[in-house]
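A.B. asks: Below is one structure. I have some questions about it.
The values are calculated or read from the model by the stated rules, or taken from the named source; none is laboratory data. In this text, all values refer to a predicted model and were calculated from it rather than measured experimentally. Cβ placement follows ideal geometry from the backbone for every residue including glycine, while neighbour counts extend to all protein chains displayed.
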């Protein structure tokens, strides 16, 4: 039972990171109907912004985190939207998808070239202490990661559902043409979506890097996990991505511990296949119908 | 994806400018194939930098037999298929020696090509299988697992006095080979392996593995993974309050793992084949020079690369010409002493299989520093 609790909490913490990245997948899907295949690298890069702010500008870690988040929102939000999405989207979804694949390679190789190919230690966000939950030893770090991710997602939920800008963003995602007719500045709303995505991946990067270490290849596994989480939960629902991330994180941990550590990489894929077979819209996704 | 990358490397190699130089009247071509990115980047970068330091020293003194060393460093991306493609390319330019790779999985494919070309290959790989294929052109720069595992097994029995152990290993050629030898050595010593946990190269989350290890109440935990995975495992182990001794073989006690794991590395013990922290003056001088040159502390892979170059220098000057076949023939059964070649750092001997024998060490991590507690003699001295 103690082991189960440890695995469950640790899985939730990892799953919360997947959820942050998966939410970004769904936000961008809803506003631009495209999949950002650089999302994993978007989670990898902000940690290096933070490290660069500390190493090059000599900033303290908390200040460097703010700089890292700001840089993420500028580079991965504004510049990504203006420099790639706006430029490629008029040519269709496929060129944009290919562009994001190219961007993922560019970001990865750039970090390798300009920072390091080696993993870098990343300062911990909490003190190195454990707490006892029903006899199970759970690290404060895991609880903090889980709490911070939940707080961020709750804040996003409140923003989207209870503010004017949030509701305009939802209207833009649901029907851009009608939103324009209603006088909603849809271009600005779409820009906000990209900036929010950049903020979420920036937060995910800062939360996960003390555990994963900062490395240019981190995006490979994180991007895949977030993509799977978004499909499992439902690609067209923010809450689906959250549930998908948490389910995947817990499922990965439990299957590696209780089924087989050798086939740990296969279990999430089995889960994905089962969801696609029996509930293709995802656990919480809604069925979309299109006229052909 | 790997297949695609390999094809792209091959295609680019065929149309790009000739970056793979050949030996000339004034230079001797010795390409280095190293893991400069991917899962093996820590090992490959150290290996490369050790080579760079030795080459700079030698070229400053005029090179070998009057020829400067031309040693391009080529990234295998820690991928065996890319390493193979790169090896084929460099062999087309008649190298004197091929250096690297470090990852055993890559070595096992490149060494077949260098064997066909009859070119000596100095490798940093440690998988036992490398020197069990009757290949006369492959030479190690550190212990193979068949030599290091008995040493660590003796330590587990006599030093830790463990009766049951857990084994955590990385599922690649390096990890699988080490795991097989370690469990066999445990069996010979009547020590039970109560958990046998395979992990993945590049794995980032070790929570499930540590929970499994905790559940078996082993007297000691043997961790045999690559550098970054070792650091992540140590962090998770400390996070979950593991108290059993964590035992490793060279990598687990390396400076890079200590740097990445932070305080979680304290208390780790084990066998160390090569280390700049050893109480050997030549190693310590190497460590200081390396730190000055590259601004980071070297690990065992840097010493491997450095000593490989000086072994080549010594034998080449001994035979008086650049003849790869003669180099291989001369190296088998040869012992190089620091008195004869200072760059070898510590007396080293190569047997007929290309395996190396030299002194090694028992160490532990204390306050973020590797501390050597015992020097073990050469196997040939037993």
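A.B. asks: Give just the number: which of (1) more than 14 Å from chain A (Cβ to nearest Cβ); (2) touching a helix residue (DSSP H, G or I) at 6+ places or on another chain (Cβ under 6 Å); (3) in a helix (DSSP H, G or I) does residue B:276 not satisfy?
C.D. replies: Only one criterion in (1) more than 14 Å from chain A (Cβ to nearest Cβ); (2) touching a helix residue (DSSP H, G or I) at 6+ places or on another chain (Cβ under 6 Å); (3) in a helix (DSSP H, G or I) is unmet by residue B:276, namely (3).
A.B. asks: Take the residues in the stretch B:248-260 that are more than 8 Å from chain A (Cβ to nearest Cβ) and in a helix (DSSP H, G or I); name whichever of them is modelled with the lowest pLDDT.
C.D. replies: Checked the stretch B:248-260; the qualifying residue modelled with the lowest pLDDT is B:255.
A.B. asks: I need the full set of residues from the stretch B:183-209 which are at the interface with another protein chain (Cβ under 10 Å from one of its Cβ atoms), part of a helix (DSSP H, G or I) and under 26 Å from the mean Cα position of the chain (by Cα), in order please.
C.D. replies: Scanning the stretch B:183-209 gives a single hit, B:209.
A.B. asks: Here's a follow-up. For the stretch A:178-223, give me the residue count where each residue is more than 10 Å from chain B (Cβ to nearest Cβ), touching a helix residue (DSSP H, G or I) at 6+ places or on another chain (Cβ under 9 Å) and part of a loop (DSSP other than H, G, I, E, B).
C.D. replies: So the count comes out to 3.
A.B. asks: Taking the residues in the stretch B:223-232 that are outside any helix (DSSP H, G or I) and in contact with a helix residue (DSSP H, G or I) (Cβ under 6 Å, 6 or more places away or on another chain) as candidates, determine which candidate is nearest to residue B:158 (Cα to Cα).
C.D. replies: Only one residue tops the list, namely B:223.
A.B. asks: Quick one: would you say residue B:297 is in a helix (DSSP H, G or I), under 20 Å from the mean Cα position of the chain (by Cα) and in the same structural domain as residue B:119 (by TED's automatic domain parsing)?
C.D. replies: no
A.B. asks: Here's a follow-up. Just name the residue that is modelled with the highest pLDDT out of those in the stretch B:1-25 that are out of contact with any strand residue (DSSP E or B) (no Cβ under 6 Å at 6 or more places or on another chain) and under 19 Å from residue B:69 (Cα atoms).
C.D. replies: The selected residue is B:25.
Residue by residue, here is whether (1) away from every other protein chain (no Cβ under 14 Å); (2) under 30 Å from residue B:70 (Cβ atoms); (3) surrounded by fewer than 23 Cβ atoms within 10 Å (Cβ to Cβ) holds:
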| site | (1), (2), (3) |
| --- | --- |
| B:246 | yes, no, no |
| B:266 | no, no, yes |
| B:270 | yes, no, no |
| B:282 | yes, yes, yes |
| B:291 | yes, yes, yes |
| B:319 | yes, yes, yes |
| B:337 | yes, yes, yes |
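A.B. asks: Of everything in the stretch B:33-62, what is away from every other protein chain (no Cβ under 14 Å) and within 14 Å of the chain's Cα centre (by Cα)? Give them in sequence order.
C.D. replies: Those that are away from every other protein chain (no Cβ under 14 Å) and within 14 Å of the chain's Cα centre (by Cα): B:33, B:50, B:51.
A.B. asks: Between a first residue in the stretch B:228-248 that is closer than 20 Å to residue A:133 by Cα and a second residue that is in a loop (DSSP other than H, G, I, E, B), which pairs have beta carbons less than 7 Å apart while being 6 or more apart in sequence or on different chains?
C.D. replies: Qualifying pairs under 7 Å: B:236/B:206.
A.B. asks: Still on this structure, I have one more. With the condition kept exactly as written, say whether any residue in the stretch B:138-160 is in contact (Cβ under 8 Å) with a residue 12 or more places away in the chain, touching a strand residue (DSSP E or B) at 6+ places or on another chain (Cβ under 9 Å), within 14 Å of chain A (Cβ to nearest Cβ) and surrounded by 22 or more Cβ atoms within 10 Å (Cβ to Cβ).
C.D. replies: No, there is no match, as no residue in the stretch B:138-160 is in contact (Cβ under 8 Å) with a residue 12 or more places away in the chain, touching a strand residue (DSSP E or B) at 6+ places or on another chain (Cβ under 9 Å), within 14 Å of chain A (Cβ to nearest Cβ) and surrounded by 22 or more Cβ atoms within 10 Å (Cβ to Cβ).
A.B. asks: Against the condition at positive phi, surrounded by fewer than 22 Cβ atoms within 10 Å (Cβ to Cβ) and at pLDDT 90 or above, how does residue A:83 come out, does it pass?
C.D. replies: no
A.B. asks: Right, here's the next one. So residue A:226 fits all but one of (1) in contact with a helix residue (DSSP H, G or I) (Cβ under 6 Å, 6 or more places away or on another chain); (2) within 14 Å of another protein chain (Cβ to nearest Cβ); (3) farther than 14 Å from residue A:28 by Cα; what number is the exception?
C.D. replies: (3)
A.B. asks: For the stretch B:233-244, state whether one or more residues are facing chain A (nearest Cβ under 8 Å), touching a strand residue (DSSP E or B) at 6+ places or on another chain (Cβ under 9 Å) and either farther than 29 Å from residue A:224 by Cβ or outside any helix (DSSP H, G or I) (or both).
C.D. replies: yes
A.B. asks: Moving on. With respect to residue B:178, is the statement that it is more than 10 Å from chain A (Cβ to nearest Cβ), at pLDDT below 95, closer than 26 Å to residue B:259 by Cα and buried (at least 21 other Cβ atoms within 10 Å of the Cβ) true?
C.D. replies: Taking the combined requirement at face value, the residue satisfies it.
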